Amino acid sequence: MLLSLPSRQPSCRRARKPGFTLVELLVVIGIIALLISILLPALNRARDQARKTQCLSNLRTQGQMMQMYMNQNKGALPVGTWGAYPEYGYVLWQQTFAINIGEGLMMPAGLIPMDPVQDVNTGDGRMFYCPVQTNQGSGYNDPGNEWYGTPGAATRMSYTQRPEWRYENKSYVTHIWDTNKADGSHVRSPVYPNPWFPKAKDFKERALVMDMLVNPSHESFLQGHKTGCNVLYSDWSCKWVPYDNLQPMIRNLQTIWTGTPTTATRAEFYKVWKMLDKQ
């Protein structure tokens, strides 16, 4: 006896493909957006803190190099500004007169190589450049701000040296602040034998180097850190100083700034440095 098998009937149902419904997709997108909103500020804060720490490390290294220079040169401190205004404290090499200024003196002393830069991610010269300074002319071996080894080019850093000591067409201090004048103007120092540099007794408990407030092309303020600055002091300590106590001077500078240093801007910068001494 033959058994007949039931014939297969074609199913009218189609297998459901796995996937997200619109509601599920919207929920996932919402969760991702929430996570981004929570994590992104934390990541930005971590990045800013890392850059602030690197900037602080740069200043510590500068302090160590200054001490080494002083050990080699009878206590002479390599720090100061080019010209009559404190904004020019970022100059390391002045190409017109072919002279080293302030911290730039550490290069011919052999503490920092003057070789042309092959890679901006390497080299001791990086310690002169804050990682948050992004405008052209403030970076390590930027066009128009070439490192040593490029004939005829200026070399500027993205930090500012204390302008109490001034270099005028010479690789040694030719002027000092007149402490009796509120505008921070300078007087010649003919009583000092050349070449003259400040000694340890001349700079106790003072701020020596700080983050730059004005960029090299004198276009705007606070291109770097927005809420404060890192400062190197004469005891070789470094610390973060909030702008809170500096705000009156910064606001005045922003009000009177016309793109060129003046006696009025010099007076405000003078106050900034004196305030940093008290921090």
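The values are calculated or read from the model by the stated rules, or taken from the named source; none is laboratory data. All figures in this text were calculated on a predicted structure; none of them were measured in a lab. Cβ placement follows ideal geometry from the backbone for every residue including glycine, while neighbour counts extend to all protein chains displayed.
Restricting PRO131, PRO113 to those that are surrounded by fewer than 21 Cβ atoms within 10 Å (Cβ to Cβ) and in contact with a Cys (Cβ under 9 Å, 6 or more places away or on another chain) reduces the list to PRO131.
Once the stretch 208-230 is narrowed to residues that are in contact with a strand residue (DSSP E or B) (Cβ under 8 Å, 6 or more places away or on another chain), hydrophobic (A, V, I, L, M, F, W, C) and at pLDDT below 95, the residue that is surrounded by the fewest Cβ atoms within 10 Å (Cβ to Cβ) is PHE221.
Condition check ((1) free of Cβ contacts under 8 Å to residues at least 40 places away in the same chain; (2) basic (Lys, Arg); (3) assigned to a loop (DSSP other than H, G, I, E, B); (4) over 20 Å from PHE269 (Cα atoms)) across all residues:
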residue	(1), (2), (3), (4)
GLY125	yes, no, no, yes
PRO131	no, no, yes, yes
SER138	no, no, yes, no
THR160	no, no, no, no
ARG166	no, yes, no, no
VAL173	no, no, yes, no
LYS181	yes, yes, yes, no
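Looking at THR81, THR96, can you tell me which residue is free of Cβ contacts under 8 Å to residues at least 24 places away in the same chain and either crowded, with 20+ Cβ neighbours inside 10 Å or at negative phi (or both)? Of THR81, THR96, the one residue that is free of Cβ contacts under 8 Å to residues at least 24 places away in the same chain and either crowded, with 20+ Cβ neighbours inside 10 Å or at negative phi (or both) is THR96. Set side by side, the residues TRP177, TRP147 differ, and just one is surrounded by 13 or more Cβ atoms within 10 Å (Cβ to Cβ), farther than 21 Å from TYR85 by Cα and of a type in the set (Phe, Trp, Tyr), which is TRP147. Please state which of the following conditions GLY184 fails to meet, knowing it meets all the rest: (1) surrounded by 16 or more Cβ atoms within 10 Å (Cβ to Cβ); (2) modelled with pLDDT of 85 or more; (3) of a type outside the set (Ser, Thr, Tyr). Condition not satisfied by GLY184: (2). Applying the criterion of being small (Gly, Ala, Ser) and surrounded by fewer than 16 Cβ atoms within 10 Å (Cβ to Cβ) to the residues of the stretch 29-67, the residue that is modelled with the lowest pLDDT is ALA42.
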